[in-house]
Amino acid sequence: MLDKALMLTGLLGGALIGLAATVYLLATGRVAGVSGVVAGALGEREARGERIAFLAGLVGAGLVAAAVSSPATANPTPTAVLIVAGVLVGFGTRVGGGCTSGHGLCGISRLSIASLVATATFIATGAATVAIANLFVTRPTP
Amino acid sequence: MNRRQLGALAAGGLFGVGLVVSGMTDPRNVIGFLDFSGRWNPSLIAVMAGAVAVHASLLALLARTAGGRGARLLPPRSTRIDRPLIVGSALFGVGWGLSGYCPGPAIVSLGFGARTAFAFAAAMIVGIIAGGLVPRRRAGCEAP
């Protein structure tokens, strides 16, 4: 059940993400929370270029990954559900002040209790959502 | 492009590569983590552990360097646990569980050219704008 290779690449990829968040903080003085960067790029004139540059780096990484390997690209979720999910993710992260990176990574790294509570909350409602969705869809085992 | 923007671009690239390497851009790994029905995929824990270990260590190192000058780099952090934090995070979790996408992997997936990611990202932007119209917390872990 425990896929050791996936755990190892997870640890390695995670280390790169932790390094990247530090580079962003050093370069800009701001927290590398992706939802916050998107909101800032949309809504604030100040330092918009830096935020757009960070997002361009994310998209660029996807472009390179698709060029040199064949990452799993398509999301199996129906498009209508994806649109509802997208609105919930955008709205929820804006109101809650962070996502998996802002609260989960940056907040917990700084021992923020609020971020820990936020992370526990979105994991709990995410798991509940998957449990309910499992009643309606059968997922192929990866 | 100035130095801050170059640094941000490099950080975004590195962040994205980390997401791809860790398997977090594959929504099946994320939904697998949230699925406790007997085929649980714990790899997201390894990703978080690796990321927090490196980031927290580097932050601790920074805070100690240059006579505490490094510590001033850190934006203030909020310790308040309020209604927007809980309600927003709860709604985010529902969207995350429905799609297996959180903002970072969704944006990297735009680079894959995944049509599904474009639909998700467009909807996410609508949600972000709507979220700006109600009482909310500041982004990241900044003070409210």
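Miscellaneous remarks
- Any pair with Cβ under 7 angstrom, 6 or more apart, that starts in the range B:1-23 at a residue that is under 11 Å from residue A:27 (Cα atoms) and ends at one that is assigned to a helix (DSSP H, G or I) and charged (D, E, K, R): B:4/A:50; B:5/A:50; B:8/A:50
- Residues that are at pLDDT below 95 and either under 15 Å from residue A:101 (Cα atoms) or not in a helix (DSSP H, G or I) (or both) within the range B:1-22 comprise B:1, B:2, listed in sequence order.
- Of residues in the range B:1-40 being within 7 Å of another protein chain (Cβ to nearest Cβ) and charged (D, E, K, R), the one farthest from residue B:95 (Cα to Cα): B:4
- Failed condition for residue A:106, given (1) in contact with a Cys (Cβ under 7 Å, 6 or more places away or on another chain); (2) open to solvent by 30 Å² or more (accessible area, probe 1.4 Å): (2)
- No other residue among A:49, A:62, A:98, A:40 is touching a residue at least 24 places away in the same chain (Cβ under 8 Å) and either within 7 Å of chain B (Cβ to nearest Cβ) or buried (at least 19 other Cβ atoms within 10 Å of the Cβ) (or both) apart from A:98.
- Applying the criterion of being more than 7 Å from chain A (Cβ to nearest Cβ) and not basic (Lys, Arg) to the residues of the range B:90-116, the residue that is surrounded by the fewest Cβ atoms within 10 Å (Cβ to Cβ) is B:105.
- Residue tally, condition open to solvent by less than 50 Å² (accessible area, probe 1.4 Å) and either of a type in the set (Ser, Thr, Tyr) or closer than 18 Å to residue A:111 by Cα (or both), over the range B:3-45: 3
- Among the residues examined, residue A:92 qualifies as modelled with pLDDT of 95 or more, within 7 Å of chain B (Cβ to nearest Cβ) and assigned to a helix (DSSP H, G or I).
The values are calculated or read from the model by the stated rules, or taken from the named source; none is laboratory data. Everything numeric in this text was worked out from a predicted model, so none of it was measured. Every residue, glycine among them, receives a Cβ derived from its backbone with ideal geometry; neighbour counts consider all protein chains shown. Accessible surface is based on the protein model in full, side chains and every heavy atom, while ligands, DNA and RNA are left aside. Shrake-Rupley method; radii C 1.70, N 1.55, O 1.52, S 1.80 Å.
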